[in-house]
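Shown next, in structure tokens, is the structure this report addresses.
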Amino acid sequence: MENPERVTFFAATDARGKYVPFGIKAKDRDRHMYVIGKTGMGKSTLLENMAIQDLRNGEGLAFLDPHGGTAERLLDFIPENRIKDVVYFAPFDLEHPIAFNVMEDVGYDKRHLVVSIFSRIRSSPCLNIRTRPCSA
């Protein structure tokens, strides 16, 4: 179990001419975090540095990167003994697609529920992924 007092450092301040790193405790990271700022202000760098610290500390993580560049850089920080634990999902990579079977872990007696969900999605004008979003 992770030490709740462990700090993930993400910034530094100049306190009376002295470099003082600061960050967020593990117990506080269990809550939501909202990172905002203008383009180029360091949001992605902050998240990348936090992910690197997690990897170095042996923590698991999920990192969603809409552009792919940061996720690619993070691969270099994965400890060798954890390489086989990595699932790198790049939906834009058509040469290496990941199969996803929604029925794989669903018991035979519950499969009708999964089918009914997809039937509703397909028939609903608000949920159909083939059409524009519903304004209703």
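The values are calculated or read from the model by the stated rules, or taken from the named source; none is laboratory data. Since the model is a prediction, treat every value here as computed from it, not as a measurement. Please note: Cβ atoms are built from the backbone with ideal geometry, for glycine as well, and neighbour counts cover all protein chains shown.
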task = Could you check, for the stretch 9-30, whether at least one of its residues is touching a Gly at 6+ places or on another chain (Cβ under 9 Å), charged (D, E, K, R) and either in contact (Cβ under 8 Å) with a residue 12 or more places away in the chain or not in a loop (DSSP other than H, G, I, E, B) (or both)?
result = no
Criterion violated by Met50 - all others in (1) closer than 20 Å to Lys84 by Cβ; (2) crowded, with 16+ Cβ neighbours inside 10 Å satisfied = (1)
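Being in contact with a strand residue (DSSP E or B) (Cβ under 9 Å, 6 or more places away or on another chain), modelled with pLDDT of 90 or more, under 29 Å from Asn3 (Cβ atoms) and not β-branched (Val, Ile, Thr) is true for just one of Met50, Met33. Which residue is that? Steps first, please.
Values: Met33 fails: modelled with pLDDT of 90 or more.
The unique qualifying residue is Met50.
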task = Please list, ordered by first then second residue, the pairs with beta carbon atoms under 7 Å, 6 or more apart or interchain, first in the stretch 54-78 and more than 22 Å from Arg29 (Cβ to Cβ) and in the same structural domain as Arg29 (by TED's automatic domain parsing), second surrounded by 14 or more Cβ atoms within 10 Å (Cβ to Cβ) and not hydroxyl-bearing (Ser, Thr, Tyr).
result = Gly68/Ala90
query = Within the stretch 99-114, is there a residue that is closer than 24 Å to Ile52 by Cβ, aromatic (Phe, Trp, Tyr) and free of Cβ contacts under 8 Å to residues at least 60 places away in the same chain?
reply = no
key: Residue that is nearest to Val86 (Cα to Cα) [pool: residues in the stretch 10-27 that are within 20 Å of the chain's Cα centre (by Cα) and modelled with pLDDT under 90]   = Ala26
message = If I ask for residues that are loosely packed, with under 12 Cβ neighbours inside 10 Å and more than 16 Å from Leu46 (Cβ to Cβ), which ones from the stretch 67-81 would you list?
response = Leu75, Asp76, Pro79, Glu80, Asn81
